[in-house]
Amino acid sequence: MEPEPNMWAHPGLRAAAVAEDWPTLLKAWRTLTRTNQSKLGAIIGLSQPDISAIENRRRTVTSVEVRQRIIDGLGIPTELLGGPQADMPLPSLVLPDVVKDSVDRLRPVRDGNMRLDTYHLEAMEGLLAAHRRAEDTLGSRVMNGIVTQQFEKVAGLYDQARGPLADRLVMLMAEYAQFLAWMAQDQDNAPAALGWFDRSYDWALEAGYGDMAATTMSMKAHLAWSKGKGRRCIRLGEAAASTVGASEATRAMAIQMVGRGHALEGDATNAYRKLDEAQKVIEDALDTPPWLYFYGEPWFAAQRGMADVHLGRWASAIENLRNGLAGFAATFRRDRAWYGACLAHAYAGAGEAEAALNTAMHIIGDASEIGRPHAWGELHTVAALLLRRGAREGRTLVDALAGLD
């Protein structure tokens, strides 16, 4: 099957090619071309079981021959396999119209001769900001390698830094470490996440960057919450909210983490009190830092819905999660998968088995592709809840999940 004319303009396909994430690339190719595994196998010279094993990560592409078959068979552009990026001091996903300005500004700076000045620091900051947004769509598994390489290049400039440039560079290093911590956490790698959080916090203190120090502490609270540690979540959230130099938006993030910790502990009164406080703070905030670009009314509605799920308040959870999801941009694939899975949980808890299944099936593809392990695990929780309640939809969801495992 011939590819569509704009096939390699698709950001997900390009990102998978750059990262050599072959499972994601093969799935994306088949989706865009409406090709089944047998036809794809014929194109690249592999059997249908081989394609299935690669896509479901039961087989890793280690053979040079198999790699080249994929490249040749699908016509992957050379620019995505190390071509123009050889001129780049910071590795980039080369996403069309996403990081163009920063890429163009950095391209003349050759590897090993990278200058540290205001002009290029701004370009590096722009590149990081663009890749944060790309991760919303492509997921942490695709983005982690590229961002790690970028960080190593940025950190390598530290010995050149003097005066105000040193503070700005260390601030950028703290932002990179925070982003890498988030991606490690998203992949349920708590030790790596904690290591990056600690580095981010140290660099934030070194540069007098209270906003990032508070953000790092707040995200540690999120990690505690994800591990079911309500009390630790509360304490870390409170510490983040009281950090000197934290912006109002960052304080709001920390306060809502305190609310989520209370919800996890079953304390509805304090949970809703803190969530109300956080929402009031963010409504009045004028200084939202660039890494909190996603903050807004939909996000707070979804957070409140998640607290409702913890507290078993199913009707309220359904309303809040639906309101939140309605305001999420289509590019927020990971978040839509996670909160969609929470909504399916709320429907299942409310005894609305058909709605739970329909909601789960609507986001199961994204949950499988970029929502592992969190959204994916939540869908398994939904299936188990439906089965316990004797709903036939539980078996349907189990079979659908098994088909993508």
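The values are calculated or read from the model by the stated rules, or taken from the named source; none is laboratory data. Everything quoted here is computed from the prediction, not taken from an experiment. Neighbour counts run over all protein chains shown; Cβ positions are idealised from the backbone, glycine included. SASA here: full protein model, heavy atoms, side chains in, ligands and nucleic acids out. Shrake-Rupley method; radii C 1.70, N 1.55, O 1.52, S 1.80 Å.
Side notes on the structure shown:
- Scanning segment 321-370 for residues that are in contact with a Pro (Cβ under 8 Å, 6 or more places away or on another chain) and of a type in the set (G, A, S) yields G324, A326, G327.
- The requirement of being surrounded by fewer than 23 Cβ atoms within 10 Å (Cβ to Cβ) and assigned to a loop (DSSP other than H, G, I, E, B) is fulfilled somewhere in segment 161-182, by at least one residue.
- Residues being touching a helix residue (DSSP H, G or I) at 6+ places or on another chain (Cβ under 6 Å) and in a helix (DSSP H, G or I) - total across segment 30-49: 8
- R334 within 18 Å of the chain's Cα centre (by Cα), closer than 23 Å to D186 by Cα and buried (at least 21 other Cβ atoms within 10 Å of the Cβ): yes
- A search for C-beta distances below 7 Å between a residue of segment 115-144 that is under 28 Å from D188 (Cα atoms) and open to solvent by 20 Å² or more (accessible area, probe 1.4 Å) and any residue that is at pLDDT below 85 and among the hydroxyl-bearing types (S, T, Y), counting only pairs 6+ apart in sequence or on different chains, returns G126/S102.
- All positions within segment 202-222 that are aliphatic (A, V, I, L, M), in contact with a Lys or Arg (Cβ under 9 Å, 6 or more places away or on another chain) and either part of a helix (DSSP H, G or I) or open to solvent by 40 Å² or more (accessible area, probe 1.4 Å) (or both): A214, A221
- Residue list for segment 186-201, restricted to those being assigned to a helix (DSSP H, G or I), without any contact (Cβ under 8 Å) to a residue 40 or more places away in the chain and either under 27 Å from E369 (Cβ atoms) or of a type in the set (G, A, S) (or both): A190, P191, A192, A193, L194, G195, W196, F197, S200
- Consider segment 50-76 and keep the residues that are assigned to a loop (DSSP other than H, G, I, E, B) and not aliphatic (A, V, I, L, M). The one that is most open to solvent (accessible area, probe 1.4 Å) is R58.
- Selection within segment 257-279 - modelled with pLDDT under 95 and surrounded by 24 or more Cβ atoms within 10 Å (Cβ to Cβ): A278
- The set of residues from segment 223-250 being surrounded by fewer than 21 Cβ atoms within 10 Å (Cβ to Cβ), of a type in the set (G, A, S) and under 18 Å from the mean Cα position of the chain (by Cα) comprises just one member, S226.
- Residue among A317, A329 that is open to solvent by less than 20 Å² (accessible area, probe 1.4 Å) and either at pLDDT below 95 or among the hydrophobic types (A, V, I, L, M, F, W, C) (or both): A317
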